[in-house]
1. Would you mention how many residues in segment 1-45 are exposed (fewer than 11 other Cβ atoms within 10 Å of the Cβ), touching a helix residue (DSSP H, G or I) at 6+ places or on another chain (Cβ under 8 Å) and in contact (Cβ under 8 Å) with a residue 40 or more places away in the chain?
2. Conditions first: (1) under 30 Å from E110 (Cβ atoms); (2) part of a helix (DSSP H, G or I); (3) more than 17 Å from the chain's Cα centre (by Cα). V246 passes all but one, so which condition is the exception?
3. Go through segment 281-323 and report how many residues are charged (D, E, K, R) and assigned to a helix (DSSP H, G or I).
4. Name the residue that is farthest from H87 (Cα to Cα), counting only residues in segment 98-115 that are within 24 Å of the chain's Cα centre (by Cα) and either of a type in the set (A, V, I, L, M, F, W, C) or not assigned by TED's automatic domain parsing to the domain that holds R137 (or both).
5. Does L194 satisfy being within 18 Å of N248 (Cβ to Cβ), surrounded by fewer than 17 Cβ atoms within 10 Å (Cβ to Cβ) and not acidic (D, E)?
6. Does any residue of segment 202-217 turn out to be surrounded by 17 or more Cβ atoms within 10 Å (Cβ to Cβ) and part of a loop (DSSP other than H, G, I, E, B)?
7. Test each condition in (1) more than 16 Å from S332 (Cα to Cα); (2) free of Cβ contacts under 8 Å to residues at least 12 places away in the same chain for A161 and report the one that comes out false.
8. Between E236, E229, E321, which is within 30 Å of K107 (Cβ to Cβ), of a type in the set (D, E, K, R) and in contact with a strand residue (DSSP E or B) (Cβ under 6 Å, 6 or more places away or on another chain)?
Amino acid sequence: MAKVRLADIAEKLGVSTVTVHNALSGSKGVSSGLRERILETAQEMGYESSASRRKKEIVRGDSRKLGVLIAENYLAQYATYYWKMYHELSLYATEKRCYTAIEVLKKEMEKKTFSLPELVLDKSIEGLIIIGEIDGRYLEEMQKKVKLPMVFLDFYDMKAAWDAVIPDNFYGMYQMTELLFSLGYREIGFVGSLYATGSIMDRYCGYCKAMMSHGAEVPEEWILKDRDEMGQVGFELPKRLPQAFVCNCDLIAGILIEKLKERGLRVPEDVAVVGFDNYLPPGYADMMITTYEVNTRTMVKVALNKMLKRLKNPKRAQSLEIISGQVLLKRSTPGRGITKIIK
């Protein structure tokens, strides 16, 4: 008998798949009458939730139990990008009959005590996926003490040399800077703390490649640090501004646009702005920022498949996968204000 999907229930009732999901998961936004109809229809059609299927698979012992580790500093006010990535990972894990458990790596554990995650200590998982760059010294300790296979998602560490999946930070930002040159800009600044993460450093190097290719000089004051050593976001504009800025992520691009407006400047008429990742935290107004969209869905799929292959064959060679994204032309650069994909 074919498995009943949310889309099947939605089609029968003439509602959206999101509505069906919200009704079955108990989320808000669905009236009590519609929720009851959806629940009844789901039962009649023999729908079984992913959680129920996962529990059965765990009891039978035919699913994989994987841990997911995210550093605490990435889950601050502006860093919910990794929650989105984890959500996509957990959804795909369900399709692959995997059970995922998440743990937040506390700052004290990462920087001082170097204590291992509970997920590892209680020996309940078969592999560990680490989302977002963590301290190199902590990784060294993990490598000494942990024998589990690991996959790094959205960062890479040469010393640890585990399987890793990252976006095309270098050429992605190179493309964004080249886009500005194609629009007639030559005075272009960069916003991002270069040593904060490997991703920001890679994006800065992509920016530098484009600037060097055009023989464009960059005054030191046009390279803006966007956060302190603790990850707290904050920066000031220089007195003399370039014609355009490339920003290490869309959140920083959004903050930059607000600061330019406070100075009485228009975007893109006075200063053009581009970002990176095509993600703004929930509740943050969409400013239609021209950006390089990171393909997180493909990234999590590749990362999970790497883990499953590693579990099947522990001796296979470690590898780094770089996932390309795409340029999205929006309103923060000159144009008609219509989103356009540049491949």
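1. Here the count works out to 0.
2. Exception for V246: condition (2).
3. Going residue by residue through segment 281-323, those that are charged (D, E, K, R) are 286, 293, 297, 301, 306, 309-310, 312, 315-316, 321.
Subsequent filtering for residues that are assigned to a helix (DSSP H, G or I) retains 297, 301, 306, 309-310, 312.
Residues flagged as charged (D, E, K, R) and assigned to a helix (DSSP H, G or I) within segment 281-323 amount to 6.
4. Here the residue is M109.
5. Judged against the criteria, L194 is a match.
6. no
7. (2)
8. Among E236, E229, E321, only E321 is within 30 Å of K107 (Cβ to Cβ), of a type in the set (D, E, K, R) and in contact with a strand residue (DSSP E or B) (Cβ under 6 Å, 6 or more places away or on another chain).
The values are calculated or read from the model by the stated rules, or taken from the named source; none is laboratory data. Given the structure is predicted, the values throughout are model-derived calculations rather than measurements. In this analysis, Cβ positions are derived from the backbone assuming ideal geometry, glycine residues included, and neighbour counts consider all displayed protein chains.
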